[in-house]
Amino acid sequence: MPHPTCLVPPVAGPRPGELIELLAEQLATAHRRTGGGRSVVRARSGTDGVELALRSLPHGVHPADVLIGQVVPRRWTVVGVVATATAHHLDDQSLTPAALVVLVDRDGHIAHRVEAGDGAELVPAGGVPPSGRLVDLLLRSLGCPTAAPDVSPRQFWAALWLDAVVAEVAPGPDTPRTADELLALHPLIGGGLTAEVVDALGERPDLSNGPGWRALRELAATNTPARTPAEAALRDALGPIVPPDLAAWMDDGAFARWLIGALPPLNDLLAMTDSLLAPEVAHAVRTAIAPPVAPKDRDRGR
């Protein structure tokens, strides 16, 4: 798979940051008036104005399905998504159809616009730009970096394990119920490793703490044979979520958020295990995924 580039070809007209703000407003207004559907957008400016290309997506196709792994040709300087959304009013819980636009350019600028059916702007201009997996995919399609991961890999391993626990114990009473039986469901132990390897994930900076995303992504992106059983188990756990070519296409932030977003939120999983397991077993599960407390943190809590 070719790797995207963030080099910007010379263009005339407004700067890219100004271009996408104007485009976001115009696209939202046009989509609000025509209504319906989702489209992936590309744009560039030139001496004759702005050239725009839209690809309408079939019903049921999410923009992420089209964007992931994509490398936008260098002649296009802006890429984005236009879609119909639903705005929820917090005061009266009413629903309002809205036009949603998210655009990014090769300088890493992000523009977004949300307009209600009457033209009212629902998200003030100049506010905090959107973030998440869709923005990551847009940026990576242009070869631009994404925001750094905001959680450690430990949260992913915890969610991956708890997801397996919930799937195993939910069917009925004749399922694993002890803490040891549930620990055996951890994907890495299932690869033939021992519980000590799982414990090591909480201690090794290269696999569990913030910098661990780089090590995990590089491991997921390689197609060479695994050197150790631990590497094989890690790849077996990561591969179904992010194949090697997509791991290579992503950067650390996009890779981290894609993995985390592929699983239910950790708090939701914990709530489900609390409801499915005996109190003492649920407590053991929570203890197993709790991050280790540093000595200075223990002292601060006294």
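Are there trypsin sites (Lys or Arg not before Pro) in the range 222-288 that DSSP puts in a loop and that have at most 14 other Cβ atoms within 10 Å, and which ones? Working shown, then result.
Working: sites: ARG227, ARG235, ARG257, ARG286; in loops: ARG227.
When the trypsin sites (Lys or Arg not before Pro) of the range 222-288 are filtered for loop state and at most 14 Cβ neighbours within 10 Å, ARG227 remain.
Near the amide H of VAL78, under 5 Å away, which other amide H atoms are found, from residues 5 or more places off or on another chain, if H is placed in the peptide plane?
Here ALA43 satisfy the definition.
Tell me which trypsin sites (Lys or Arg not before Pro) from the range 29-101 have a DSSP coil assignment and no more than 13 other beta carbons within 10 Å of their own. Each step should come with its number before you reach the end.
Numbers: sites: ARG32, ARG33, ARG38, ARG42, ARG44, ARG55, ARG74, ARG75; in loops: ARG74, ARG75.
The qualifying sites are ARG75.
Using a ≥ b ≥ c from the Cα gyration tensor of the range 29-84 (square roots of the eigenvalues), is it rounded, prolate or oblate, where a/c under 1.5 gives rounded and otherwise the larger of a/b and b/c decides, a/b for prolate? Please list the in-between numbers first.
Details: a/c = 3.27, a/b = 1.23, b/c = 2.66.
Oblate, since a/c reaches 1.5 and b/c is not below a/b.
For the range 20-37, just list the computed ³J(HN,Hα) in residue order, Karplus coefficients 6.51, -1.76 and 1.60, θ = phi - 60°, integers in Hz, with x standing in for Gly and Pro.
These are the phi-based 3J(HN,Hα) values: 6, 5, 5, 5, 4, 5, 5, 5, 5, 5, 5, 5, 4, 6, 8, x, x, x Hz.
In the full protein assembly as shown, how much of GLU231 is accessible to a 1.4 Å probe, in Å² to the nearest 10?
My reading of the accessible area for GLU231 is about 30 Å².
The values are calculated or read from the model by the stated rules, or taken from the named source; none is laboratory data. The structure displayed is predicted, hence computed values, not measured ones. Here Cβ is always computed from backbone atoms with ideal geometry, including for glycine, and neighbour counts include all displayed protein chains. The protein model used for the area step is the full one, side chains on, heavy atoms only, and it has no ligands, DNA or RNA in it. Shrake-Rupley method; radii C 1.70, N 1.55, O 1.52, S 1.80 Å.
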